[in-house]
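See structure below.
The values are calculated or read from the model by the stated rules, or taken from the named source; none is laboratory data. If you're wondering where the values come from, they're calculated on a predicted model, not measured in any experiment. Note that we place each Cβ from the backbone using ideal geometry, even for glycine, and neighbour counts take in every protein chain shown.
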């Protein structure tokens, strides 16, 4: 078993078995969704250093891709999810030139790109194709059990991707590029190709999560699947736990989404306040996340 | 029709220059993107609203209060976080994330303090008679906002190019280290520039009810993105290039709203992506900083 493998199996089994003993399935489902998105952010930001503020664009593209495959082509839900992921990957391919930008420029440009996707999908002129601002209803395929099980599988895939990156040449190559792109090029790494692979991989994860989410809730509006808060949550969960590790984003998501569930749903503004304070303190005092505390006491972090 | 659209574009262009000017000033001096820019604009809007609704103060007379309050906030914010950030391993990314956290805090506090309802200042505070310009008539609030914006832009010009402090500020923009080595107090100059940047945002906020729609606590992030588009179109780090960006954006927005209204929302985002990819140094292209 590769390093981190047993942790992943444990997390997946936990979410597969918890519904039998714990009644709040919506919480479990959303937590899995954010685990997948946080690991997707981790693949991109943790391993390559690109911070995608517009990550939710891939989530929404996956949700719409899968939904339209069900509604217009009458595919069954599971194949439709792959159509959704393919749509996300296609959007990512179109946006690949954004990778020429760096740092904050990339972050804001990707935010702008996700807004472009949102405004196109929700445009009243495209009602005949996407139902524009009126949203999607998938009532005829609604199946909360099957979609929950699918999210467990998607979660397993996301964790497998990160375990692979933690143990493979590709993961090392990406981190080398993140630290010193020019030296990495000299060492024989194809910088552009590796970056694009990470970008597409991370988009595919968001697309799968988006499609499964669409299936699970079965009624949604463009505003809710292109909500910037989805990006923000996934990014902060990842940073809080610690990037470029397997357990960092898991810890961050379980703690902060747990907190959100505790105070954020009834009083979102107080949660947002805590959230903002956490971000500021994190940058000032713990820029490498919670896992750096574990490392400080010499615990190995997969 | 076309004359009206172009003149309205000019008025809005001047206003958007003011909206983005502070962001560019801060970027020029500190090389960091103030993600909380739009949130400070929102706070400025609430200050003007508060002065209007409690004491009937016309937004034009609220300007001095806005400037004093936000210069102080900016200077305090600078000394609280920036020196510490600049000494860290990756100042650009970390300050970006920190300012994002600050933007969340401001938005949350604004919701807690003011609630989620939308506020507006009636445009009739500037009189009910429309103003006519070159044979076209416009709401007085638009014209007042554009005139205030032009005045603020001129003030920034005199600050940067006609004052001792401005010379020092431009030296810091050109090179922080070299400016420090010639004896300029870099921290003082930067702190004042951050204060001036926030004050410009706040003044723009006082007129946002007439130009951007109602005041809401969550308006910040959208305004930050539009401001970023405007300064990228002009030229990053060149404050007066903002005016060109603002005019291009204002004219583009009015033309879109006249001829393709349902696609007008896309404009800032598409312009931003295109400019970043095709000409990252902006239209004025002083090559201050490539993305």
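Before moving on, here are some points about what is shown:
- For the criterion of being within 21 Å of the chain's Cα centre (by Cα), surrounded by fewer than 19 Cβ atoms within 10 Å (Cβ to Cβ) and assigned to a helix (DSSP H, G or I), residue B:107 fails.
- Residues located in region B:212-224, provided they are more than 13 Å from the chain's Cα centre (by Cα) and either within 11 Å of another protein chain (Cβ to nearest Cβ) or in contact (Cβ under 8 Å) with a residue 12 or more places away in the chain (or both): B:214, B:215, B:216, B:217, B:218, B:219
Matching residues to (1) surrounded by 14 or more Cβ atoms within 10 Å (Cβ to Cβ); (2) at pLDDT 95 or above; (3) in contact with a helix residue (DSSP H, G or I) (Cβ under 6 Å, 6 or more places away or on another chain); (4) within 10 Å of residue A:47 (Cα to Cα):
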{"site": "A:151", "(1), (2), (3), (4)": "yes, yes, yes, no"}
{"site": "A:154", "(1), (2), (3), (4)": "yes, yes, yes, no"}
{"site": "A:168", "(1), (2), (3), (4)": "no, no, no, no"}
{"site": "A:179", "(1), (2), (3), (4)": "no, no, no, yes"}
{"site": "A:189", "(1), (2), (3), (4)": "yes, no, yes, no"}
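- Residue B:6 vs. criteria assigned to a helix (DSSP H, G or I), away from every other protein chain (no Cβ under 14 Å) and modelled with pLDDT of 95 or more: no
- Single residue of B:234, B:213, B:135 found to be surrounded by fewer than 21 Cβ atoms within 10 Å (Cβ to Cβ) and under 30 Å from residue A:116 (Cα atoms): B:213
- Only a single criterion out of (1) at the interface with chain A (Cβ under 10 Å from one of its Cβ atoms); (2) in contact (Cβ under 8 Å) with a residue 12 or more places away in the chain; (3) touching a helix residue (DSSP H, G or I) at 6+ places or on another chain (Cβ under 8 Å); (4) under 24 Å from residue A:109 (Cβ atoms) is not satisfied by residue B:81, namely (4).
- Number of positions in region A:122-143 that are away from every other protein chain (no Cβ under 14 Å) and loosely packed, with under 15 Cβ neighbours inside 10 Å: 7
- Considering region B:32-46, and only residues there that are buried (at least 24 other Cβ atoms within 10 Å of the Cβ) and not in a helix (DSSP H, G or I), the residue that is nearest to the other protein chains (Cβ to nearest Cβ) turns out to be B:33.
- Residue B:272 vs. criteria within 22 Å of residue B:25 (Cα to Cα), within 14 Å of chain A (Cβ to nearest Cβ) and more than 14 Å from the chain's Cα centre (by Cα): yes
- Close Cβ contacts (under 8 Å, 6 or more residues apart or on different chains) running from residues in region B:98-126 that are at the interface with chain A (Cβ under 7 Å from one of its Cβ atoms) to residues that are in a loop (DSSP other than H, G, I, E, B) and buried (at least 16 other Cβ atoms within 10 Å of the Cβ) comprise B:100/B:35; B:100/B:36; B:102/B:35; B:102/B:36.
- Any chance residue A:71 is in a helix (DSSP H, G or I), over 24 Å from residue A:232 (Cα atoms), more than 14 Å from the chain's Cα centre (by Cα) and in contact (Cβ under 8 Å) with a residue 24 or more places away in the chain: yes
- Elements of type helices (runs of 4 or more DSSP H) in region A:163-278, at least 1 residues being within 14 Å of another protein chain (Cβ to nearest Cβ): A:169-179, A:222-225, A:228-241, A:247-259
- Qualifying positions in region B:127-153 - in contact with a strand residue (DSSP E or B) (Cβ under 9 Å, 6 or more places away or on another chain) and without any contact (Cβ under 8 Å) to a residue 12 or more places away in the chain: B:130, B:132, B:137
- Residues in region A:96-115 that are farther than 12 Å from residue B:270 by Cα and either more than 7 Å from chain B (Cβ to nearest Cβ) or surrounded by fewer than 21 Cβ atoms within 10 Å (Cβ to Cβ) (or both): A:96, A:97, A:98, A:99, A:100, A:101, A:102, A:103, A:106.
- Any hit, region A:25-41, residues being part of a helix (DSSP H, G or I), in contact (Cβ under 8 Å) with a residue 60 or more places away in the chain, within 14 Å of chain B (Cβ to nearest Cβ) and in contact with a helix residue (DSSP H, G or I) (Cβ under 9 Å, 6 or more places away or on another chain): yes
- Which listed residue is part of a helix (DSSP H, G or I), more than 12 Å from the chain's Cα centre (by Cα) and at pLDDT 85 or above, from B:227, B:190, B:262, B:208: B:190
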